[in-house]
1. Do you know which residues across the stretch 17-42 are of a type outside the set (A, V, I, L, M) and at pLDDT 80 or above?
2. Please go through (1) loosely packed, with under 10 Cβ neighbours inside 10 Å; (2) modelled with pLDDT of 75 or more for residue 1 and return the number of the only condition it doesn't satisfy.
Amino acid sequence: MSSLVWLGLAVLLVAGLAFSGGGVKGAKQVGRTRLMGAARFFLIGGVILCGALGIFGSFRH
């Protein structure tokens, strides 16, 4: 697999952990803090922005 596929899998894994609030045992709980809420907001915004760019980019060809 190419490095782009591995990068995509890593992003999906991190996004899944960010949305589920899961983490490593013994780590500080940040899943219910305002900082994680802001991170989720920017993550969703980034997904929407990248999706829109991909959709609009496909119309140009």
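The values are calculated or read from the model by the stated rules, or taken from the named source; none is laboratory data. As the structure is a prediction and not an experimental result, all values here were calculated from the model. With ideal geometry, Cβ positions are generated from the backbone for all residues, glycine too; neighbour counts draw on all protein chains shown.
1. 33, 34, 37, 40, 41, 42
2. (2)
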